[in-house]
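The values are calculated or read from the model by the stated rules, or taken from the named source; none is laboratory data. Since the model is a prediction, treat every value here as computed from it, not as a measurement. Using ideal geometry, Cβ is built from the backbone for each residue, glycine included, and neighbour counts are taken over all protein chains shown. Just so you know, the surface numbers come from the protein's heavy atoms only, side chains and all, with ligands and any DNA or RNA stripped out. Shrake-Rupley method; radii C 1.70, N 1.55, O 1.52, S 1.80 Å.
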Amino acid sequence: MAATSVFMSTPVARLTTNPSSRRTVNFAVVRCMSQDQQSSPAPKKVSTKFSDVLAFSGPAPERINGRLAMIGFVSAMVVELTNGQDVFAQISHGGVSAFVATSLVLSLASLVPLFKGVRAESKSSGLMTSDAELWNGRAAMLGLVALAFTEYVTGSALV
């Protein structure tokens, strides 16, 4: 970060040690201030190490799980509305292979920008922010669990 220094000198009245002596002392106050030339702080370097990206508090786990939950919740509701199958019937009738394929594609698509050092926070603006995505993902996770639990307790599809 580049900074410039500004020196200011303020004269102060003369002081004498003894009125009969000709010895006088002049004092000046010098102030030093630094001014930043950049108005915004430099962006901090983002780690692209595998262990940092996939760490428990890293950027990838919650974002990927949220994206999978959003797709899973919407697709579970669409299949329920069209075929009348509950979540457990969807899983037992070939839903696992579709889930694994979707998970792989979505995980890889989410990890590539993170390994390049691009964060979702830097690309978010307007209505669709990275915080909104996280909250929607959390709601979808809860909704998917609630849907499966409700269907398990009632023994039939929700709709």
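Here are the numbers for the structure shown:
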quantity: Among the candidates Val153, Val118, Val78, Val100, residue that is closer than 29 Å to Ala55 by Cβ, β-branched (Val, Ile, Thr) and assigned to a helix (DSSP H, G or I); calculated: Val100
quantity: Subset tally (residues that are at pLDDT below 90 and either open to solvent by 80 Å² or more (accessible area, probe 1.4 Å) or among the β-branched types (Val, Ile, Thr) (or both)) for the stretch 42-78; calculated: 10
quantity: Failed criterion for Ala140 (all others in (1) closer than 18 Å to Ala55 by Cβ; (2) open to solvent by less than 80 Å² (accessible area, probe 1.4 Å) hold); calculated: (1)
quantity: Residue satisfying all of: in the stretch 105-115; open to solvent by 70 Å² or more (accessible area, probe 1.4 Å) and within 20 Å of Asp52 (Cα to Cα); modelled with the highest pLDDT among these; calculated: Leu108
quantity: Test: residue in the stretch 90-101 that is at pLDDT 85 or above, open to solvent by 70 Å² or more (accessible area, probe 1.4 Å) and within 22 Å of the chain's Cα centre (by Cα); calculated: no
quantity: Unique residue being under 21 Å from Ser47 (Cα atoms) and free of Cβ contacts under 8 Å to residues at least 40 places away in the same chain when the list is Ser124, Ser92, Ser107; calculated: Ser124
quantity: Residues of the stretch 117-135 satisfying the condition of being open to solvent by less than 50 Å² (accessible area, probe 1.4 Å) and either in contact with a strand residue (DSSP E or B) (Cβ under 6 Å, 6 or more places away or on another chain) or of a type in the set (Lys, Arg) (or both); calculated: Arg119
